[in-house]
Amino acid sequence: VGGDSRGRGSERGPFAGGIDASCVFAASTGDVTCGPTTKDGLTVLRVSTFKSASGAAQTKPDSTTDYDRTRFTVSGTLTQRNNVSATVASSSDRTTTGLAFNSIKRTTNGKSSGTENASGTNRDGKKFTSSRSSGDTTVNLVIPKSTSGTASYPTAGIVTRSMKVVMTVEGSAATTSTRREVVTYDGSAIAKITITQDGTNKSCTMALPRGRPVCP
């Protein structure tokens, strides 16, 4: 749980990487398209839009970049251990402003959603199927620039994450599990977290910038 404080071109994960020679800039839209590329059965398309503080479109980010909107789509089928097959479809759209070197804060808004449908044999030798859906939204997440050398953390905004898993194991009835987290940053050094797990609510807090959730 926490805020998104990434910098320009610093997405993380199995398909991380900056803008390179394979990416194509379209002057008509200002978009930089990378891919689609395929790795381990998954096809990824990345479309980014970079702008300076004056609103001028850029072919790649640099110290004057103030605006970064990046969209990812991922789809395909993974074959994992024990011949477990998982079909994946996900997308994300995230915009960050205030990235220029002289900015005093960054603001992020975004959303993502995805599904994963898997089938195979578990450790007990029983066949199973599972269906997982997840999503998140980030609304007006503000992260001030650090001026004292200490870690910065969000001072405003709301981050919501949700997930639902339906599991069916051979010989047993299907089980469903849901979880939803809402993290609220209000300018204090304590973030407020509401967690709903399988219909049960609890209120938690988290010390910033790197504390762990504490639930009474």
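Return a yes/no flag: does the range 206-216 have any residue that is under 15 Å from S134 (Cβ atoms), in a strand (DSSP E or B) and open to solvent by 50 Å² or more (accessible area, probe 1.4 Å).
Checking the range 206-216: not a single residue is under 15 Å from S134 (Cβ atoms), in a strand (DSSP E or B) and open to solvent by 50 Å² or more (accessible area, probe 1.4 Å).
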Exercise for the section: Being in a strand (DSSP E or B), on the phi < 0 side of the Ramachandran plot, open to solvent by less than 70 Å² (accessible area, probe 1.4 Å) and modelled with pLDDT of 90 or more narrows it down to one of S103, S92, so name that one. Expected result: S92
Fill in the blank from the handout: Only one of A86, A21 is loosely packed, with under 13 Cβ neighbours inside 10 Å, among the aliphatic types (A, V, I, L, M) and either over 19 Å from the mean Cα position of the chain (by Cα) or not in a strand (DSSP E or B) (or both), namely A21
Completion exercise
For the range 49-71, the count of residues that are within 30 Å of R132 (Cβ to Cβ) and open to solvent by 40 Å² or more (accessible area, probe 1.4 Å) equals 2
Problem - Tally of residues being open to solvent by 50 Å² or more (accessible area, probe 1.4 Å) and part of a loop (DSSP other than H, G, I, E, B) across the range 157-188 - result: 6
Completion exercise
For the range 29-47, the count of residues that are at pLDDT below 95 and of a type in the set (G, A, S) equals 2
Exercise for the section: Can you confirm whether the range 190-198 contains a residue that is of a type in the set (A, V, I, L, M, F, W, C), farther than 30 Å from V84 by Cα, in a strand (DSSP E or B) and open to solvent by 60 Å² or more (accessible area, probe 1.4 Å)? Expected result: yes
Exercise for the section: Return the pairs, sorted by first residue and then second, in which the second residue is of a type in the set (D, E, K, R) and in a strand (DSSP E or B), the first residue lies in the range 58-72 and is in contact (Cβ under 8 Å) with a residue 40 or more places away in the chain, the beta carbons are less than 6 Å apart, and the residues are 6+ apart or on different chains. Expected result: T70/R94; F72/R46
Exercise for the section: Could you grab the pairs with beta carbons closer than 7 Å, sequence gap of 6+ or different chains, first residue in the range 137-156 and among the basic types (K, R), second one surrounded by 15 or more Cβ atoms within 10 Å (Cβ to Cβ)? Expected result: K145/S152
Handout entry: Filter result for R46 (open to solvent by 70 Å² or more (accessible area, probe 1.4 Å) and of a type in the set (K, R))
Key = no
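Can you tell me which residue among G125, G110 is in contact (Cβ under 8 Å) with a residue 60 or more places away in the chain and within 30 Å of G76 (Cβ to Cβ)? Break it down into steps so the answer makes sense when it comes.
Values: G125 fails: in contact (Cβ under 8 Å) with a residue 60 or more places away in the chain.
Just one listed residue meets the conditions, G110.
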Practice task
Six or more apart or on different chains, Cβ under 9 Å: which pairs go from a residue in the range 157-184 that's at negative phi to one that's of a type in the set (D, E) and open to solvent by 50 Å² or more (accessible area, probe 1.4 Å)? Could you list them?
Solution key: V169/D124; T176/D198; S177/D198; T178/D198; R179/D198
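The values are calculated or read from the model by the stated rules, or taken from the named source; none is laboratory data. Because the structure is predicted, anything quoted here is derived from the model rather than measured. Methodologically, a virtual Cβ is constructed for each residue, glycine included, from the backbone with ideal geometry; neighbour enumeration extends over all protein chains shown. SASA here: full protein model, heavy atoms, side chains in, ligands and nucleic acids out. Shrake-Rupley method; radii C 1.70, N 1.55, O 1.52, S 1.80 Å.
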